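The values are calculated or read from the model by the stated rules, or taken from the named source; none is laboratory data. This is a predicted model, so every value here is computed, not measured. Backbone-built Cβ (ideal geometry, glycine too); neighbour counts: all protein chains shown.
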Amino acid sequence: MRAFTQHQGIVAPMDRSNVDTDMIIPKQFLKSIKRTGFGPNLFDELRYLDEGKPDQDCSQRPLNPDFILNQDRYKNASVLLARSNFGCGSSREHAPWALDDFGFRVIIAPSFADIFYNNCFKNGLLPIVLPEEVVDQLFRETEEKDGYQLTVDLEAKTVTTPSGESFGFDVDDFRRHCLLNGLDDIGVTLEDAELIRDYEEKRKQTAPWLFNAGN
Amino acid sequence: MAGKTLYDKLWDDHLVKQRDDGSALIYIDRQLLHEVTSPQAFEGLRLAGRKPWRIDANIATPDHNVPTTDRDKGIDGIVDPVSRTQVETLDKNCDEFGILEFKIKDQRQGIVHVIGPEQGATLPGMSIVCGDSHTSTHGAFGCLAHGIGTSEVEHVLATQCLVQKKMKNMLVKVNGKLGPGVTGKDVVLAIIGKIGTAGGTGYAIEFGGEAIRGLSMEGRMTICNMSIEAGARVGMVAVDDTTLDYVRGRPFSPKGDQWDKAVAYWNTLHSDDDAEFDKVVELDGAAIMPQVSWGTSPEMVTGVDGAVPDPAREEDPIKREGIVRALKYMGLQPNQKITDIKLDRVFIGSCTNSRIEDLREAAAVVKGRKVSPSLKQAMVVPGSGLVKVQAEQEGLDKIFIEAGLEWRDPGCSMCLAMNADKLGQGEHCASTSNRNFEGRQGFGGRTHLVSPAMAAAAAVTGHFVDVRELMH
């Protein structure tokens, strides 16, 4: 996995709450058996005026000029500023894959849906929870200034604005450690293979029915 | 010291290792696989040169992409080549790794969350995962069950464990008895309406109280299924005789001495009387009406006697903007009565409501009636091949067909419209599925979430109607 230590980038404001994973990447694109190539279909139904189809050349499609990512000032954004309960709905990891493929590295919101939040960390994407009033302030500053950028430091757990104002954020130690070092967490878990086998042996004694095949 | 909640017990029983950093390794007893969220996980295993840790813990079936007609053609019946590749990829992966799969022509094929319980592959006390957020369904059996992403599917395949942090405990208690015509679906929609789509974020919810105890396993599965729509990855109901009666005699259920031993353990799977919850929410079951969602989030829901809200009366600016946007997308007017919403299609199916009891409830309403000529389509999609067979043995298929509903083959179908079953732009659908998000059932489609009985009532009238008026 790609490591994440620090990132500085342009901020795009997505001013609506409860953005669901169907909105982030609609179902027709989930038919791919790959992890890449979802970027052109990120927010497909908001971004284009027509109905998107898999394997289509998106450069020829009519754009919705009102959508933030179609506006020149946000086209190269890598920090997504969002509202509460971002990523609610399905467990599709295609949502973080699409955000990543578009070029996002950080998502900031007052709250995230659990499964989406978890999926981000598996893909080198950093979801940051900041208090509602701080998010409000960042929305105002983003809209006021063209090319507004934020600097995120995962080691220090801070988000810093262009004026030098800094906000701390919380993140689990394990997740932070994996992300900072780009660790493959399957490898980390397999270091405990012995413990897993011990657990299984015990369970076979106490709950043998869990190891039955069907008949 | 306070007693343990059901979630505490399930967590402790699956704890392999508590790490110093607050994370833990949790053992997974059962993984269900389907074609959409597994191909990249199998590919990851291959790229890393890893093998599945415990092959017999996995069961697979294709469900999202399968057509609901022409099933005798098998995979060749999938017209969309991209969908076909995904189903073929699941077959290839399962064959290569020796994983049990109920393939497209197998009578045991169906929606993962229907076939797990049906086979007894979902048993009380298990930890169960699947790359699908509605895995919470299995919590109805007193399981620790939740949806995971594809990276975690790969992690479970490779290690039989998940890295987790313990969630907080929430009790949702539904007191009293439900009225006639009020189902598990109405209860869970009412709960989501009350606590909101993020109300359960970070919590494992246990559903309890007299109304929950009085529900069948089908009703409990419907409620746990939609825990995720309240933000909670995990929803659970304690084990009781209803649970045991359902589980007994199924293909994967224990037999003989093992059954007795299992039951002794399963009977401990409830929260202790002195267990403490981080949050408790109570509802009066007797006051719950048949529910209908009007907006683009499951929390945008009201009783069938209600009306579409007026954004002018909402004080919170973000919520107001949300209502305005939802009404525009849904093509509804503020203060419009729910019973005045005209429908184009009716969909009875999905992992929320496609089990035998759901189909019986819908059939009871349409029996002797006809689908309204104002509808373009009304379809019934059973949750599995075995549900279909049972329904046909009971003659439910004939009731549906005589009334003018289409009787289809099993799969996820129009719940998320990955196959050919979808809404056209601007069409309103009474749907027994779980999500009314924009575009969920088709580009520009407008979903109203309801119970099977309410969907059936809508099918014969062409608009929403309180099903209790048709129940004499």
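Only a single item in (1) farther than 26 Å from residue A:69 by Cβ; (2) within 12 Å of another protein chain (Cβ to nearest Cβ); (3) exposed (fewer than 14 other Cβ atoms within 10 Å of the Cβ) is not met by residue A:156, and it is number (2). Would it be correct to say that residue B:297 is crowded, with 17+ Cβ neighbours inside 10 Å and either more than 14 Å from chain A (Cβ to nearest Cβ) or free of Cβ contacts under 8 Å to residues at least 40 places away in the same chain (or both)? Against the criterion (crowded, with 17+ Cβ neighbours inside 10 Å and either more than 14 Å from chain A (Cβ to nearest Cβ) or free of Cβ contacts under 8 Å to residues at least 40 places away in the same chain (or both)), residue B:297 does not qualify.
Which one is nearest to the other protein chains (Cβ to nearest Cβ) among residues in the range A:4-45 that are touching a residue at least 60 places away in the same chain (Cβ under 8 Å) and on the phi > 0 side of the Ramachandran plot? If we take residues in the range A:4-45 being touching a residue at least 60 places away in the same chain (Cβ under 8 Å) and on the phi > 0 side of the Ramachandran plot, then A:18 is nearest to the other protein chains (Cβ to nearest Cβ). Listed conditions (1) surrounded by 19 or more Cβ atoms within 10 Å (Cβ to Cβ); (2) over 18 Å from the mean Cα position of the chain (by Cα) are all met by residue B:373, apart from (1). Those strands (runs of 3 or more DSSP E) of the range B:81-191 in which at least 2 residues are surrounded by 24 or more Cβ atoms within 10 Å (Cβ to Cβ) and more than 8 Å from chain A (Cβ to nearest Cβ), considering only elements entirely within it, cover B:127-130, B:144-147, B:168-175. So, in the range B:253-277, of the ones that are of a type in the set (D, E, K, R) and not in a loop (DSSP other than H, G, I, E, B), which residue ends up farthest from residue B:236 (Cα to Cα)? Checked the range B:253-277; the qualifying residue farthest from residue B:236 (Cα to Cα) is B:257. Taking the range B:19-59 as the range and being of a type in the set (S, T, N, Q) and touching an Asp or Glu at 6+ places or on another chain (Cβ under 7 Å) as the test, the residues that pass are B:23, B:37. Out of the range A:163-215, which residues are part of a loop (DSSP other than H, G, I, E, B), in contact with a helix residue (DSSP H, G or I) (Cβ under 8 Å, 6 or more places away or on another chain) and not hydrophobic (A, V, I, L, M, F, W, C)? Once the filter is applied, which keeps residues that are part of a loop (DSSP other than H, G, I, E, B), in contact with a helix residue (DSSP H, G or I) (Cβ under 8 Å, 6 or more places away or on another chain) and not hydrophobic (A, V, I, L, M, F, W, C), the range A:163-215 yields A:184, A:212, A:214. Just wondering, is there one or more residues in the range B:92-111 that are closer than 23 Å to residue B:235 by Cβ and assigned by TED's automatic domain parsing to the domain that holds residue B:61? Yes: one or more hits. Does residue B:214 meet the test of being of a type outside the set (Ser, Thr, Tyr) and under 27 Å from residue A:89 (Cα atoms)? For residue B:214, the condition - of a type outside the set (Ser, Thr, Tyr) and under 27 Å from residue A:89 (Cα atoms) - is not met. In the range A:171-189, the condition of being within 23 Å of residue B:161 (Cβ to Cβ), touching a Phe, Trp or Tyr at 6+ places or on another chain (Cβ under 9 Å) and of a type in the set (S, T, N, Q) is met by no residue.
Does the range A:194-215 contain at least one residue that is of a type outside the set (A, V, I, L, M), at the interface with chain B (Cβ under 8 Å from one of its Cβ atoms) and touching a Lys or Arg at 6+ places or on another chain (Cβ under 6 Å)? Yes, because at least one residue in the range A:194-215 is of a type outside the set (A, V, I, L, M), at the interface with chain B (Cβ under 8 Å from one of its Cβ atoms) and touching a Lys or Arg at 6+ places or on another chain (Cβ under 6 Å). If you filter the range B:52-70 down to residues that are charged (D, E, K, R) and at pLDDT 95 or above, you find that the one that is surrounded by the fewest Cβ atoms within 10 Å (Cβ to Cβ) is B:56.
Inspection of the range B:278-293 finds a residue satisfying the criterion of being crowded, with 21+ Cβ neighbours inside 10 Å and part of a helix (DSSP H, G or I).
With respect to the conditions (1) crowded, with 24+ Cβ neighbours inside 10 Å; (2) more than 14 Å from chain A (Cβ to nearest Cβ), residue B:440 falls short on a single one, namely (2). When the range A:1-56 is filtered for residues that are of a type in the set (Ser, Thr, Tyr) and surrounded by 18 or more Cβ atoms within 10 Å (Cβ to Cβ), the ones remaining, listed by number, are A:17, A:21, A:32, A:48. You will find that of B:423, B:416, the residue that is within 8 Å of chain A (Cβ to nearest Cβ), surrounded by 24 or more Cβ atoms within 10 Å (Cβ to Cβ), closer than 22 Å to residue B:197 by Cβ and of a type in the set (A, V, I, L, M, F, W, C) is B:416 and no other. Residue count for the range B:210-252, restricted to those that are under 30 Å from residue A:117 (Cβ atoms) and either of a type in the set (Gly, Ala, Ser) or not in a helix (DSSP H, G or I) (or both): 10.
Among the numbered conditions (1) closer than 23 Å to residue A:124 by Cβ; (2) within 9 Å of chain B (Cβ to nearest Cβ); (3) in contact with a Ser or Thr (Cβ under 9 Å, 6 or more places away or on another chain), the only one that residue A:177 does not meet is (3). For residue A:66, the stated conditions hold: it is of a type in the set (D, E, K, R), out of contact with any strand residue (DSSP E or B) (no Cβ under 6 Å at 6 or more places or on another chain) and surrounded by fewer than 20 Cβ atoms within 10 Å (Cβ to Cβ). Of all residues in the range A:121-144, those being loosely packed, with under 14 Cβ neighbours inside 10 Å, of a type outside the set (Asp, Glu) and over 20 Å from the mean Cα position of the chain (by Cα) number 1. Scanning the range B:43-80 for residues that are outside any loop (DSSP other than H, G, I, E, B), among the acidic types (Asp, Glu) and either more than 11 Å from chain A (Cβ to nearest Cβ) or touching a residue at least 60 places away in the same chain (Cβ under 8 Å) (or both) turns up B:72, B:76. Would you confirm, using the coordinates I've provided, whether residue B:222 is β-branched (Val, Ile, Thr), within 12 Å of chain A (Cβ to nearest Cβ) and in contact (Cβ under 8 Å) with a residue 40 or more places away in the chain? For residue B:222, the condition - β-branched (Val, Ile, Thr), within 12 Å of chain A (Cβ to nearest Cβ) and in contact (Cβ under 8 Å) with a residue 40 or more places away in the chain - is not met. Of the residues contained in the range A:54-63, one or more are found to be within 12 Å of chain B (Cβ to nearest Cβ) and in contact with a Lys or Arg (Cβ under 9 Å, 6 or more places away or on another chain).
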